[in-house]
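Before any comments, here is the structure.
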Amino acid sequence: MAQFMFETDVHGLLKLDTPIRNAPPARWQRKAWDSGAHGPSPAAGLSPMKMANRSYSSSKTPSRTPGKSGSKIQSTPTKAGGDRYIPSRSTMHMEMANFLLTKENHPAEESPTKKEQQKAWAVNLNGFDIDEAKILRLSGNPQNAPEGYQSNLKVLYSQKVTPGSSRKNGRYIPSMPDRILDAPEIRNDYYLNLIDWSSQNFLAVALDNSVYLWNHASGEIIQLLQMEHPDDYVSSVSWIKEGNYLAVGTSNAEVQLWDIQHQKRLRNMTSHSSRVGSLSWNSYILSSGARTGHIHHHDVRVAEHHVATLAGHMQEVCGLKWSLDGRYLASGGNDNLVNVWPCTQGDSGNFAPVQTFSQHQGAVKAVAWCPWQPNILATGGGTSDRHIRIWNVCSGTCLSAVDTHSQVCSILWSTNYKEFISGHGFAQNQLVVWKYPTLAKVTELRGHTARVLNLTMSPDGATVASAAADETLRLWRCFEMDPIKKKEKEKAKNARSSIIHQGIR
């Protein structure tokens with residue numbers, strides 16, 4: 001294509017000179033030739049490999065000038081629109097800007113009614129209040145959008161782009177149990193507490209008139225005790241925090257204390273007059289709940305072990321749990337009540353509950369304290385209630401509640417996640433993992449063919465064991481930590497323990 005040079009004459013006018021025929025091709029023409037967008041490529045008849053090589057080399061130094069093609073003269077492609085941005089005056093509110101500029105020089109005295117009327121007209125006509133409009137806004141807060149305004153770009157700009165390396169998917173919770181153990185002759189009684197997992201990784205299971213220990217690390221099974229009378233049975237078990245002593249409640253109103261290392265009974269504590277269905281430790285104080293509705297405190301260090309009696313239930317105490325800080329004892333009974341007891345006596349020398357919750361409509365066996373908020377308590381009701389309720393024991397308020405549509409038999413808080421798990425009976429016999437504090441359902445774990453009687457958790461907080469009336473124990477790895485987070489948690493724990501030891505020394 002010929003190009004022309006322009007120069008000015010003596011009068012300042014442009015005049016046309018002779019064409020320069022050997023000028024290099026225009027940039028757009030070279031680009032179009034290299035990409036094959038205009039006309040066939042010169043290497044169309046070559047093999048694919050050679051064509052790739054030829055196109056690669058020709059993209060830098062074309063073999064011939066496109067403007068001198070013998071077959072066809074290429075022309076400038078037609079583009080939709082010009083190459084300059086020309087703003088649309090209709091969208092710039094020129095008339096509105098002129099009005100605002102002249103308005104400041106001619107203030108008008110108008111009544112409030114007139115101003116409101118003009119404001120309504122302006123909003124209807126322009127979509128905004130002209131009194132708040134500004135030609136330029138260089139500082140200050142952004143102008144508020146009118147009520148009900150919907151931006152077409154809201155979805156586009158509200159999306160937060162997350163790098164692929166930092167995206168977190170929902171954690172995987174296996175729907176099948178990690179292990180299934182037989183539990184023959186386990187008593188199908190809602191009011192009993194028949195399993196507990198120690199800090200030394202021993203799982204204690206009460207099967208009718210016997211107690212067995214299962215070592216989770218080695219798989220060894222030990223028969224710890226068997227009741228002397230065949231009509232008696234074990235009604236509750238509970239480990240001390242250190243994991244070297246096991247408390248056993250029986251149907252003949254006894255509370256036994258067993259040394260696990262030597263596998264022998266240390267003492268019998270008799271103070272109740274009916275079966276002991278619930279037990280809970282607070283340091284050296286062992287609390288026991290009986291069918292009469294009474295709760296006894298036992299000091300296991302002294303001969304006169306019975307040191308206090310709590311009388312706040314009219315029927316059997318089936319749920320009993322000390323808070324992790326040892327300040328409160330929560331008890332649930334067959335009378336549908338939840339009592340929160342202090343660790344010390346009142347001014348009168350008697351124990352009185354600091355809170356009594358009566359919202360449940362069924363027996364309350366499931367009681368559990370939140371591990372990261374000591375004043376938060378979760379409770380669950382029986383078949384006629386089926387609700388899980390979250391309480392603040394300091395204020396006495398119910399923070400939230402959820403209808404589970406099933407009998408609630410047990411609740412455990414996770415120490416690895418802001419979640420808790422509940423075990424259920426009639427009618428679905430499932431385990432449910434809940435998010436806290438939203439109480440959104442994370443997942444359901446199914447497999448038991450009869451109601452879940454009790455839940456207990458492994459010392460590392462990763463595995464939950466469920467005992468059911470179908471005579472099986474199932475181990476669910478529902479709270480297993482991410483390996484990186486687990487390593488960080490162990491490192492922080494070791495650092496904290498080393499600081500404590502240094503302080504003691």
* Asked: When the chain is fully extended, how far beyond the present Cα-Cα distance does Leu266 get from Lys114, taking 0.36 nm per residue of separation?
  -> 45.4 nm
* Structure fact -> Within the under-11-Å Cβ sphere about Gly277, not counting Gly277, Lys/Arg +1 and Asp/Glu -1 give a net charge of +2
* Excluding Trp434 itself, calculate the net charge of residues whose Cβ lies under 15 Å from the Cβ of Trp434, where each Lys or Arg counts +1 and each Asp or Glu counts -1. => +3
* Per residue, how many Å² of accessible area does the range 185-311 show with a 1.4 Å probe? -> 43 Å²
* For Ile186, what is the net charge nearby, where nearby means another residue's Cβ is under 12 Å from its Cβ and Lys, Arg count +1, Asp, Glu -1? -> -4
* Carbon and sulfur atoms: what percent of the 1.4 Å accessible area of the range 185-311 do they account for? -> 42 percent
* Rg/Rh for the range 185-311: what does it come to with C-alpha atoms and Rh from Kirkwood? -> 0.94
* To do: Could you list, in their original order, any pairs among Lys365/Lys491; Lys435/Lys491; Lys241/Lys441; Lys365/Lys441; Lys365/Lys487 whose Cα atoms are separated by more than 29 Å?
  => Lys365/Lys491; Lys241/Lys441; Lys365/Lys487
* Once you put a point 7 Å from the Cα of Leu439 and another 7 Å from the Cα of Asn188, both along the Cβ direction, what distance in nm separates them? -> 3.0 nm
* To do: Extending each Cα 7 Å along its Cβ direction at Ile173 and Asn215, get the distance between those two points in nm, one decimal.
  => 3.3 nm
* To do: Express in nm, to one decimal, how much length is gained between Ala492 and Thr309 on full extension, taking 0.36 nm for each residue of separation and deducting their alpha carbon distance.
  => 61.8 nm
* **Accessible solvent surface per residue of the range 377-416, calculated while the other protein chains remain in place, 1.4 angstrom probe, Å²** => 31 Å²
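The values are calculated or read from the model by the stated rules, or taken from the named source; none is laboratory data. What you are looking at is a predicted structure, and each value in this text was computed from that prediction instead of being measured. Ideal geometry is used to build each Cβ from the backbone, glycine not excepted, and the neighbour counts take in all protein chains shown. SASA here: full protein model, heavy atoms, side chains in, ligands and nucleic acids out. Shrake-Rupley method; radii C 1.70, N 1.55, O 1.52, S 1.80 Å.
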